[in-house]
1. Quick one: dipole size for the range 212-272, taken about the Cα centre, charges +1 on Lys/Arg Cβ and -1 on Asp/Glu Cβ, in debye to the nearest 20.
2. Starting from the Cα of V79, step 7 Å toward the Cβ, then list every residue of the range 113-145 with an amide N under 13 Å from that point.
3. Give the cross-link partners of K254 among the lysines, using a straight C-alpha distance below 23 Å as the criterion and excluding same-chain residues fewer than 8 apart.
4. Could you give the distance between the Cα centres of the range 74-107 and the range 152-175, to the whole Å?
5. Please compute the length gained on full extension between R9 and Y197, using 0.36 nm multiplied by the number of residues separating them and subtracting their Cα-Cα distance.
6. List the trypsin sites (Lys or Arg not before Pro) in the range 1-80 that DSSP assigns to loop (not H, G, I, E or B) and whose Cβ has at most 14 other Cβ atoms within 10 Å. Which are they?
7. With a 1.4 Å probe and all protein chains in place, put T45, T167 in order of accessible area, largest first.
8. Got the relative contact order for the chain handy, in percent, Cα pairs under 8 Å and 6 or more residues apart?
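The values are calculated or read from the model by the stated rules, or taken from the named source; none is laboratory data. What you see is a predicted model, and the numbers here were worked out from it, not measured in a lab. All Cβ positions, even for glycine, are placed from backbone atoms using ideal geometry, and neighbour counts span all protein chains on display. Ligands, DNA and RNA are excluded from the accessible area calculation, which covers all protein heavy atoms including side chains. Shrake-Rupley method; radii C 1.70, N 1.55, O 1.52, S 1.80 Å.
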Amino acid sequence: PGTAIVKARSSDGLAGESNPLKIETGIGRVLWADLHGHTGLTDGTGTPKDYFRYARDVAGLDIVALTDHDHWGMRPLAVHPELWEEIRRETELFHRQDDFVTLLGYEWTSWIHGHRHVLYFSDQGLILSSIDRDYESPLQLWDALRDANALTFAHHSAGGPIATNWTIPPDPELEPVTEIVSVHGSSEAPDSPAVIYSPVAGNFVRDVLDRGYVFGFLGSGDGHDGHPGLAHLNSVSGGLAAILSEDLSRSGIKEAMQDRRVYATNGPRILLEVNLAGHQMGSVIESRVWDGLSPQERSLGIVVSGTDSLQRLDVIRSGQVAVEFDCGGSPVCEADLLVLEVEPGEYLYV
């Protein structure tokens, strides 16, 4: 039991090491996903077949989505249905339940409301373009997707090429998560590392949590060079989504996202375990349950297993850094913190 890193070296000097491996009886499963990337069909490089092969055989992902643009790039999907059919066909061909899950998706590329991803959890789905009058607002998009076995999420929401219009509240059924980091940088908060370019004040994800929106956090690459899952190797930042699910299937992944059992990294496969008073990541705790706990029971437990030395972990409470915990440069950082006097409507994340 414990945390291990496997290191290997070949006779000709090629060397590498694994991400942290947690060894413990009954531990929950962490699935690694990149849900955002492009190919040469619109404004990236390579083919869908190349993209899925790299995600599976090189990056070693559990889950991947190819999200080329609805109306942007050299050959937009909305006016080239044969390209959407190619993506759909390759997505279906590479999908292997319990082994390598592919999700059919595209990028809803609105230059008014911001960019969002549409993910379908079946082999079929439609391109609902942001320049089609029937789907030009997020509200119209969500109405059209209501019975389509789909979810959406916003990305580079704090700035970048176009900031998200957060005056429209995310649909609680169809948009339970949001992407906070990618190759563009971080949209989490102004004090986060590698902040996104051209940020808009008040538009970070922490700002919209302060409005009362409820989100789980995703990272994903937005790579345009055919390297899903490893976009951070060629950029200042990258993005990965950790999805906590024992069920490596499309339905299991959707359920985990709906329950917000997810967290984000900017590329490294960092293990993060968090529970508040015994409630797992993504939970909403009812006031009556919280009020019935003793101060000793209101504990926030955190374990981080990093790919390098860890400087510190921050506990964010309702818009502020409430605790800065010194990890002392260790690759594993554990903290068991009492969280007192949290009021109804507040949020905590690490």
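1. Values: 5 positive and 6 negative charges, 16 e Å.
Value, rounded to 20: 80 debye.
2. So the set is 131-132.
3. none
4. 23
5. Numbers: separation 188, 0.36 × 188 = 67.68 nm, distance 3.85 nm.
The span from R9 to Y197 would gain 63.8 nm if fully extended.
6. Details: sites: K7, R9, K22, R29, K49, R53, R56; in loops: R29.
Here the sparse-neighbourhood loop sites are R29.
7. On the way: T45 70, T167 105 Å².
Accessible-area ranking of T45, T167, largest first: T167, T45.
8. Numbers: 819 pairs, mean separation 51.8, N = 350.
RCO, the chain: 15 percent.
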